[in-house]
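Trainee: Take this structure, written in structure tokens, and hold onto it; I'll ask about it next.
The values are calculated or read from the model by the stated rules, or taken from the named source; none is laboratory data. These numbers come from a predicted model, not from an experiment. We place every Cβ from the backbone using ideal geometry, glycine too, and count neighbours over all the protein chains shown.
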Amino acid sequence: MAPQYAPSMRSRLAPILLLVQIIFIALFACYFEIDSQKRARDGTAFNTFYPEFQDVNVMVILGFGFLGTFLVRYGFSSTGFNLLVAVMAVQWALILNGLESWYYNGKIVINLRSFVYAEMCAVPALISIGTVLGKMNPVHLILIAIFEVSGFVLNVWLLHIITKTPLFNGIMLLHIYGAFFGLMLTWLLYRQGSEQPFEKEKISRNSGVFSMLGTLFLWMFWPSFNSVLVDNYPHGRKLEAVCSTYLSLAVSAATAAAVSVASSPKGKLNLVQIQSSILAGGVAIGVAMPVVHKPWEAMTLGFLAAVLSTTGYKYLKVLEGNGPEVTLSVRCETYHAVCRIL
């Protein structure tokens, strides 16, 4: 059951939010400036990049926000807490990503690309909190997001410095990082008896539709998510990334539906099972983008990812149990972790 919050959150949430936000404002006032010179001399680049930035923004705010609304009593909390965690995590990621620039130049210059990097660094936190829906209050979620974003930025930086991994490839490991961090949270918060269903953890048709809406937002904008940071050199590389992602998503959606029907005793579509799998192709192809150049390669990857995700959801759930916490953990394992490892 969801935790019983204190009669008033003003004694905890409000002071923490105000204190952290005041610190952020002070840091931005002292060390940040907008890259206005580049914006002035390169207006074409701004006009081209802004739509992609908004695509990622829609995924982070609307996609992940609606994704957690499948619980009957968690609709408002999912969208509200997701926005709260996202905006705090993005600000913190901007600061962390700019530390190297501050060390060498004494200033942190930001542009739209900086915001896209920051939003992608915030995604692991949004993935992780999806495994503990209703189990933590907003204070816990914000503290976890700050801690997780710090670890993810450090992880990407170490990969770039030690193994010479390109920043894009390092950031695209966000699914694995968020999934396993979320599983760790689930393990830490597990209590005997929590696998039993509670009234607040029921799923209705209406809440399922809203959750599916979040999935569709993610599905529509995933090509932008995978291609926004891809350099267009050699020429056409960004178009290749968009096309490959779309083909992988399309094949994974069709395959997920087929496997769901084939594995159902009554031959029916399982919406929850499909919802966890139709994005599998986009997740799987993200980190493989530098080596996927042919349409059939992207389609094959989407096919395999959907099969693994759909069957994994069904059989891992059987092995681990049927409680709500297990359902969230298995969705996280099969959707983010397994597909990204593939």
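Trainee: Pick out the one residue from Ile127, Ile108, Ile61, Ile95 that is assigned by TED's automatic domain parsing to the domain that holds Leu183, in contact with a strand residue (DSSP E or B) (Cβ under 7 Å, 6 or more places away or on another chain) and among the β-branched types (Val, Ile, Thr).
Mentor: Matching residue, one of Ile127, Ile108, Ile61, Ile95: Ile108.
Trainee: Considering the range 147-175 alone, what residues qualify as being at pLDDT below 90, among the hydrophobic types (A, V, I, L, M, F, W, C) and either more than 16 Å from Leu96 (Cα to Cα) or touching a Pro at 6+ places or on another chain (Cβ under 6 Å) (or both)?
Mentor: Ile162, Phe168, Met172, Leu173, Leu174
Trainee: Within the bounds of the range 273-296, is there any residue that is under 16 Å from Gly63 (Cβ atoms) and without any contact (Cβ under 8 Å) to a residue 24 or more places away in the chain?
Mentor: no
Trainee: Of the residues in the range 186-195, how many are in a helix (DSSP H, G or I) and either of a type in the set (S, T, N, Q) or modelled with pLDDT of 85 or more (or both)?
Mentor: Looking only at that region, the number is 1.
Trainee: Quick test for you: out of Phe181, Phe115, pick the one residue that is under 22 Å from Asn82 (Cβ atoms), of a type in the set (Phe, Trp, Tyr) and modelled with pLDDT under 90.
Mentor: Phe181
Trainee: Here's something else I'd like to know. Kindly evaluate Thr300 against the criterion of being touching a helix residue (DSSP H, G or I) at 6+ places or on another chain (Cβ under 7 Å), on the phi < 0 side of the Ramachandran plot and free of Cβ contacts under 8 Å to residues at least 60 places away in the same chain.
Mentor: For Thr300, the condition - touching a helix residue (DSSP H, G or I) at 6+ places or on another chain (Cβ under 7 Å), on the phi < 0 side of the Ramachandran plot and free of Cβ contacts under 8 Å to residues at least 60 places away in the same chain - is not met.
Quick grid of which residues meet (1) farther than 16 Å from Ser204 by Cβ; (2) of a type in the set (S, T, N, Q):
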| residue | (1), (2) |
| --- | --- |
| Tyr50 | yes, no |
| Asn57 | yes, yes |
| Phe66 | no, no |
| Ser77 | no, yes |
| Gly80 | yes, no |
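Trainee: A further question on this structure: For Ser150, indicate whether it is free of Cβ contacts under 8 Å to residues at least 60 places away in the same chain, polar (S, T, N, Q) and either touching a strand residue (DSSP E or B) at 6+ places or on another chain (Cβ under 8 Å) or assigned to a loop (DSSP other than H, G, I, E, B) (or both).
Mentor: Values: free of Cβ contacts under 8 Å to residues at least 60 places away in the same chain: yes; polar (S, T, N, Q): yes; either touching a strand residue (DSSP E or B) at 6+ places or on another chain (Cβ under 8 Å) or assigned to a loop (DSSP other than H, G, I, E, B) (or both): no.
No, not satisfied.
Trainee: Could I ask something else about it? Can you name the residue in the range 50-93 that is hydrophobic (A, V, I, L, M, F, W, C) and without any contact (Cβ under 8 Å) to a residue 40 or more places away in the chain and is also surrounded by the most Cβ atoms within 10 Å (Cβ to Cβ) among such residues?
Mentor: This residue is Val90.
Trainee: Another question, then. Could you tell me which of the residues Ala262, Ala250, Ala298 is over 20 Å from the mean Cα position of the chain (by Cα), at pLDDT 90 or above and either surrounded by 21 or more Cβ atoms within 10 Å (Cβ to Cβ) or not assigned by TED's automatic domain parsing to the domain that holds Gly75 (or both)?
Mentor: Details: Ala262 fails: at pLDDT 90 or above; Ala250 fails: over 20 Å from the mean Cα position of the chain (by Cα).
So the residue among Ala262, Ala250, Ala298 that is over 20 Å from the mean Cα position of the chain (by Cα), at pLDDT 90 or above and either surrounded by 21 or more Cβ atoms within 10 Å (Cβ to Cβ) or not assigned by TED's automatic domain parsing to the domain that holds Gly75 (or both) is Ala298.
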